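Notes follow the structure.
The values are calculated or read from the model by the stated rules, or taken from the named source; none is laboratory data. For clarity, every value in this text was computed on a predicted model and none was experimentally measured. Using ideal geometry, Cβ is built from the backbone for each residue, glycine included, and neighbour counts are taken over all protein chains shown. The area values use the complete protein model at the heavy-atom level, side chains included, leaving out ligands, DNA and RNA. Shrake-Rupley method; radii C 1.70, N 1.55, O 1.52, S 1.80 Å.
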Amino acid sequence: MAALIRAGYRNYLDIIVKNYDPRSDDLFLMSNIWQAIFVLMLYLYFVFILGPKIMKNRPPYKLVGIMRAYNLLQVILNCLLFTQAVKMGWIWKYKWICEPIDYSHDPVALTAVKSCWYYCMLKMFDFMDTVFIVLRKKDQQISFLHVYHHGGIFFGSWIITKYYPGGHATFIGFLNTIVHAIMYAYYFITVTWPEHKITWMKKSLTQLQMLQFFLIAIHAAVALILRENCKYSKFVASMCLIENFLMLLLFSDFYRKAYKKKQV
């Protein structure tokens, strides 16, 4: 048993620790993987155990003012991060077919690390979506898709920041931030002026998210298929392809159940 523990620890050091990118060590929650796992477990614990327990004998909170401020802040933060991605050259500088990672301490490379970290922190901030659902007792909204999407994108962005900060996969943040800015702008409108709710836009937002996953999957596939000599991690490109194809399937199933059946 002791030999198995030692072997497991050696593998942990060889596979997990030795491959860390040390440039992010001083950033919040980035010193080791257990911090990210702790945050993820805390999120799941609140969603499925603590939150329902707290709200069991309480009436749902309305949270109109808090949600209005939260949605507006999300719009601002996503727009700022999208602007940062544009400044770094995602439209005119980055290679769309294959963008390798710069692991140097060049100022541009360090900015890429910091930007990946900002995105990871923004995905942790997204957990508040679920917190509000629990506090408002909208239990029907806590689906597998919702929890998997929020938890998975946080942990995935942590992995990218800690091991592969920059390069090809940053297309995810470039695209996702502008999609989320539009999405939270819609949420802000519906909370602030519920009498002017734009009913068609909810369906269009789901279509936009599906398009996002499709484009990210295609972008990852390009690095795998079209550029055999691409100096970007095939593992990361594969994971991006699989994850976003899975999200496309899950969102397609949600779209079919939510909108197609209503038309019948």
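Here are the numbers for the structure shown:
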item	result
Integer Hz, Karplus 6.51/-1.76/1.60 couplings in order for the range 103-108, x for Gly and Pro	8, 7, 9, 4, x, 5
Selected from V108, V147, V47 as most flexible by GNM, with the chain as the system and alpha-carbon contacts under 10 Å	V108
T111 accessible area, 1.4 Å probe, all protein chains in place, Å² to nearest 10	50
Extension gain, F125 back to K202 (0.36 nm per residue minus Cα-Cα distance, nm)	25.5 nm
Accessible-area composition of the chain, carbon plus sulfur, in percent [1.4 Å probe]	69
Expected 222 nm ellipticity per residue - DSSP helices of 4 or more, -39500 (n - 2.57), all of the chain, to 500	-21500 deg cm²/dmol
Solvent-accessible surface (1.4 angstrom probe) belonging to K95, in square angstrom, nearest 10	120
Most mobile listed residue (D129, D102, D26) in the chain, GNM with C-alpha springs under 10 Å	D26
Between helix 234-255 and the chain: long-axis angle, C-alpha atoms, 0 to 90°, nearest 10	10
Probe 1.4 Å - accessible area at H150, Å² to nearest ten	20
For the chain, built as a Gaussian network whose Cα springs stay under 10 Å, the top-fluctuating residue of M30, M121, M55	M55
Order of exposure, largest accessible area first, which applies to S115, S104 with probe 1.4 Å	S104, S115
Cysteines without a disulfide-compatible neighbour (Cβ-Cβ under 4.7 Å), the chain	C79, C116, C120, C240
For the chain: relative contact order, % (alpha-carbon pairs under 8 angstrom, 6 or more apart)	25
Separation in nanometres of the label points that stand 7 Å from Cα toward Cβ, at D139 and T111	4.9
Most to least accessible of Y148, Y119 (protein chains only, probe 1.4 Å)	Y148, Y119
Net charge of neighbours whose Cβ lies under 14 Å from the Cβ of Q84, counting Lys and Arg as +1 and Asp and Glu as -1	+3
Heavy-atom accessible area ranking, 1.4 Å probe, most first, across F82, F214, F28	F28, F214, F82
Heavy-atom accessible area per residue - the chain, 1.4 Å, Å²	57
Alpha-carbon gyration tensor eigenvalues x 5, square-rooted, for the range 66-144, Å	33, 14, 12
